[in-house]
Amino acid sequence: MMTSSVTTIEIAARKRRWVPPYKLLTLGGVVALLVFALPHIRYNHSTSEPRGVYWLDYYRSVQRGDFVTVSTVLKQIAAVSGDVVLFTPEGVVINGSLWQNSAPLRPYTPFPFGRYVVQPGQVLLLSHNKRGFDGRYIGFVPTNLLEAIAVPVLTER
């Protein structure tokens, strides 16, 4: 009777599968993308601003119209240094233009009505949602509290 002289090492070697190098590189690329890109990707689920995916830019200077994050909240910069802002019961007027849906709602206490000039180092953050909690109630925000600029990548509007 003839017995097989195959060792355990040989059986294990036969079961090993060869992985093409391009698959390893692809896997490495995905891991690198996740490690380096995830801190820069943000999904906004709030109706305050357009829902969707945003790329967070931590290095660019802010400008009027930018979406920014403050304590994980996404808002849009409505006014910057030097802009004239008028807080009224009808809404917020910036450089002569009424910001859409900016009339303060009850029971919240609005920022004191009056005319203001945005000072250096401050911005006014507003939402396009009439129920948004924003500068209508808290006024101006120091720019050092802004965490990142949120650049829309894929949003619903």
>> So if each residue of separation counts as 0.36 nm, and I subtract the Cα-Cα distance between E147 and V93, what length gain in nm does that give?
In response: 16.9 nm
> What do you get for Rg/Rh over segment 59-157 if you use C-alpha atoms and the Kirkwood form of Rh?
Replying inline: 0.95
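Every read-out reported here was derived from the displayed coordinates using simple, explicitly stated rules and does not represent laboratory data. Fair warning: this is a prediction, and the values are worked out from it, not measured in the lab.
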